[in-house]
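Peer 1: First, the structure itself, so that you have it in front of you.
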Amino acid sequence: MSTMTAAVVRDFGADLDVTEYPTPEPGPGQALVKLIATGVCHTDLHAKDGDWPIKPSPPFVPGHEGVGIVEKLGEGVTSLEVGQTVGNAWLWSACGNCEHCRTGWETLCEQQTNGGYSTDGSFGEYMLVDARFAAPIPEGSDPHEIAPVLCAGVTVYKALKQTEVRPGQWVAISGIGGLGHIAVQYAVAMGMRVIAIDIADDKLNLASQHGAEITLNAKGADPANEIQEKIGGAHGVLVTAVHPSAFGQAIGMARRGGTIVFNGLPPGEFPAPIFDIVLKGLTIRGSIVGTRQDMEEALDFYARGLIHPTYSKRPLDDINAILDEMHHGKIDGRVVIDYAEQ
């Protein structure tokens, strides 16, 4: 049996084990991909720590922002070619037959498989993809720069659509991390006016560089009053933050009739004042990643030069240090694992 180097979760809460791991073989409908790069997502940290109610089963390989070259095709694959550049995604596969899949909401499929969670992902030299769900990477793309689009990008792109904010209207983006800094760019490219909220000035400076018109530091103060005073409230609010307090604050940021979309997934609950929600006619919805069509659109924004994720390259051996820095909010933009450094 051939092996590869991979970062493996063996026990929740423990460091990942960077070790030799069996190289997978593609089954029917699958392809084997040799990795060039993979983004590191906050979800990988939650997976490692077993934070969520539905937990993965160790041992497993996290990662769902992988970009690489197809090396081998499984039986029956006609949609991919050897030598093609593709990516994996959180939505690794869905059943295609349930009500959700039939109505264009495959992200809600109860039989879905999730990359780097319920199936091994991209924190290794090789990965498997489902040929139906692998994302074709546009020709000429920088594999390291485009990697974060495969989760962070498509997730915020879909969420911004879910806010129903129109060009010229205001969207408040709470949390300018791996997702939020890309959300600012998509929002600007979609014609929205952007307010960025975070608790770190360096991240707010990054938001300004990407086109945010107003930046607010929420450390020690609820920014809702300032947003109401400046613009009368935001038409839409997108919460990518990972602190529960940001979710309650979103209600105060919205103007009457506004829509609040949650992307961040911290453990715990948030305060939801019923009176304010009813009186202001607010809509609150969750948004989880995006469909294959959302992915194609999100990647096209990159291909047209409208978004450029901020990223830094690191080797796979640094994975535990990277996750620790992520836990402490010390990462600007996205860290991307470079397999050329292995």
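Peer 1: Rolling a 1.4 angstrom probe over the protein heavy atoms, how many square angstrom per residue are accessible across segment 263-342?
Peer 2: On the way: 4260 Å² over 80 residues.
Dividing the accessible area of segment 263-342 by its residue count gives 53 Å².
Peer 1: Ratio to report: Rg/Rh of segment 201-342, with Cα atoms as the point set and Rh obtained by the Kirkwood method; give two decimals.
Peer 2: 1.00
Peer 1: Also, quick follow-up: Sorting check: for 82-91, 274-283, which peptide has the highest mean count of neighbouring beta carbons within 10 Å, and how do the rest follow?
Peer 2: The most tightly packed comes first, giving 82-91, 274-283.
Peer 1: For Rg and Dmax of the Cα atoms in Å, the listed values are [x] 19.6, 65; [y] 19.1, 60; [z] 21.6, 70; which was obtained by calculation from the structure presented?
Peer 2: [x]
Peer 1: Right, something else. Give the span of segment 276-318's Cα atoms along each principal axis, as three whole-Å numbers ordered largest to smallest.
Peer 2: Principal extents (Cα only, largest first): 50, 29, 19 Å.
Peer 1: Find the all-direction average of the projected area of the Cα convex hull for segment 104-225, expressing the result in square nanometres with one decimal place.
Peer 2: For segment 104-225, averaging the hull's shadow over all directions gives 10.2 nm².
Peer 1: Hey, another quick one. Quick one: pull the percent of accessible area on segment 77-162 belonging to carbon and sulfur, 1.4 Å probe, ligands and nucleic acids left out.
Peer 2: Roughly 44 percent of what the probe reaches on segment 77-162 is carbon or sulfur.
Peer 1: Segment 158-219: which trypsin sites (Lys or Arg not before Pro) are DSSP loop and have at most 10 other beta-carbon atoms within 10 angstrom?
Peer 2: Lys219
Peer 1: Please give the per residue volume of the convex hull enclosing the alpha carbon atoms of segment 156-238, rounded to a whole number of Å³.
Peer 2: So the per-residue hull volume is 72 Å³.
Peer 1: With all pairs of different alpha carbon atoms counted, what Kirkwood hydrodynamic radius in Å does segment 159-205 show?
Peer 2: 10.6 Å
Peer 1: Run the simple label-point estimate for Ile288 and His328 please: 7 Å along Cα→C-beta, distance reported in nm.
Peer 2: Taking the simple label geometry, Ile288 and His328 are separated by 3.2 nm.
Peer 1: Something else about it: Report relative contact order for the chain in percent, whole number only (criteria: Cα-Cα under 8 Å, sequence separation at least 6). Write down the numbers at each step before the final one.
Peer 2: On the way: 825 pairs, mean separation 61.2, N = 342.
Averaging sequence separation for qualifying contacts and normalising by length gives 18 percent for the chain.
Peer 1: Would you mind working out the magnitude of the charge dipole of the chain relative to its Cα centre, with +1 at each Lys and Arg C-beta and -1 at each Asp and Glu C-beta, to the nearest 20 Debye?
Peer 2: 1220 debye
Peer 1: Could you please tell me the mean projected area of the C-alpha convex hull for segment 63-108, averaged over all directions and given in square nanometres to one decimal? Please list the in-between numbers first.
Peer 2: Working: hull surface 16.5 nm².
Convex hull of Cα atoms, orientation-averaged projection: 4.1 nm².
Peer 1: Loop-only GluC sites (Glu not before Pro) in segment 139-208, please: DSSP not H, G, I, E or B, and at most 11 other Cβ atoms within 10 Å. Could you put the intermediate results ahead of the total?
Peer 2: Numbers: sites: Glu139, Glu145, Glu164; in loops: Glu139, Glu164.
Here the sparse-neighbourhood loop sites are Glu139.
Peer 1: How large is the direction-averaged shadow of the alpha-carbon convex hull of segment 1-119, in nm²?
Peer 2: Values: hull surface 32.7 nm².
Mean shadow area of the hull around the Cα atoms is 8.2 nm².
Peer 1: Report the full-extension gain for the segment Glu139 to Glu269: residue separation times 0.36 nm, less the Cα-Cα distance, to one decimal in nm.
Peer 2: Working: separation 130, 0.36 × 130 = 46.80 nm, distance 4.26 nm.
Result for the pair: 42.5 nm of gain on full extension.
Peer 1: Dividing the convex hull volume of the Cα atoms of segment 295-342 by its residue count, what figure in Å³ per residue is obtained?
Peer 2: On the way: hull volume 4.8 nm³, N = 48.
For segment 295-342, the hull spanned by Cα atoms encloses 100 Å³ per residue.
Peer 1: In addition: Give, to the nearest whole percent, the P(r) tail of segment 252-326 beyond 15 angstrom, counting all Cα pairs.
Peer 2: Here the tail beyond 15 Å accounts for 75 percent of pairs.
Peer 1: Can you work out ³J(HN,Hα) from phi for every residue in segment 92-98, in order, using Karplus 6.51 cos²θ - 1.76 cosθ + 1.60 and θ = phi - 60°, giving whole Hz and x for Gly and Pro?
Peer 2: Karplus values, whole Hz, x for Gly and Pro: 6, 6, 9, 6, x, 10, 6.
Peer 1: Output the peptides 179-187, 147-155 sorted from most to least packed, where packing is the average of other Cβ atoms within 10 Å over each peptide's residues.
Peer 2: Values: 179-187: 28.6, 147-155: 30.3.
Per-residue Cβ counts within 10 Å, averaged per peptide and sorted highest first, yield 147-155, 179-187.
Peer 1: While we're looking at this one, here's another question. So which chymotrypsin sites (Phe, Trp or Tyr not before Pro) in segment 98-144 end up in coil per DSSP with only 14 or fewer other C-beta atoms within 10 Å?
Peer 2: Trp105
Peer 1: Moving on to the next point. Can you pull a Stokes-Einstein diffusion coefficient for segment 120-176 at 4 °C (1.567 mPa s), Rh from Kirkwood over Cα pairs, as a whole number of µm²/s?
Peer 2: Roughly 92 µm²/s, to the nearest whole number.
Peer 1: Now a separate question. Based solely on its DSSP helices, what 222 nm [θ] is calculated for the chain when runs of n ≥ 4 H residues each add -39,500 (n - 2.57) and the sum is averaged over all residues, nearest 500 deg cm²/dmol?
Peer 2: It comes out at -7500 deg cm²/dmol, rounded to the nearest 500.
Peer 1: For segment 1-65, with only Lys/Arg (+1) and Asp/Glu (-1) charged at the beta-carbon, what is the dipole magnitude about the Cα centre, in debye rounded to 20?
Peer 2: Here the size comes out at about 160 debye.
Peer 1: I've got another one for you. Work through the residues other than Thr23 whose Cβ is under 13 Å from its Cβ and net out their charges, Lys, Arg +1 and Asp, Glu -1.
Peer 2: Values: positive: Lys34, Lys72; negative: Glu20, Glu25, Glu71, Asp120, Glu125.
Spelling it out: positives minus negatives among the neighbours equals -3.
Peer 1: Through the Karplus equation 6.51 cos²θ - 1.76 cosθ + 1.60, θ set to phi - 60°, convert the phi angles of segment 217-227 into ³J(HN,Hα) values in whole Hz; use x for Gly and Pro.
Peer 2: 8, 8, 5, x, 8, 7, x, 4, 4, 5, 5
Peer 1: From Cα pairs below 8 angstrom and at least 6 apart in sequence, can you work out the relative contact order of segment 83-199, rounded to a whole percent?
Peer 2: About 22 percent, as a whole number.
Peer 1: What percent do you get for the relative contact order of segment 146-284 when only Cα pairs under 8 Å and 6+ apart count?
Peer 2: Over segment 146-284, the number comes to 23 percent.
Peer 1: Label 7 Å along Cα→Cβ of Lys34; segment 56-72 residues with amide nitrogen under 15 Å?
Peer 2: Output list for this probe position: 67-72.
Peer 1: Using a 10 Å cut-off on Cβ atoms, rank the peptides 38-49, 247-258 from the highest mean neighbour count down. Don't skip to the answer; put the middle values down first.
Peer 2: Details: 38-49: 24.8, 247-258: 20.8.
Put in order of decreasing packing, that is 38-49, 247-258.
Peer 1: If you roll a 1.4 angstrom probe over the protein chains with everything in place, what fraction of the accessible area of segment 190-342 belongs to carbon and sulfur, to the nearest %? Can you show the working numbers first?
Peer 2: On the way: 3630 of 7280 Å².
Ligands and nucleic acids excluded, carbon and sulfur reach 50 percent.
The values are calculated or read from the model by the stated rules, or taken from the named source; none is laboratory data. These numbers come from a predicted model, not from an experiment. A quick note on method: Cβ atoms are made from the backbone with ideal geometry, for glycine too, and the neighbour counts reach across all protein chains shown. Heavy atoms of the whole protein, side chains included, go into the accessibility calculation; ligands, DNA and RNA do not. Shrake-Rupley method; radii C 1.70, N 1.55, O 1.52, S 1.80 Å.
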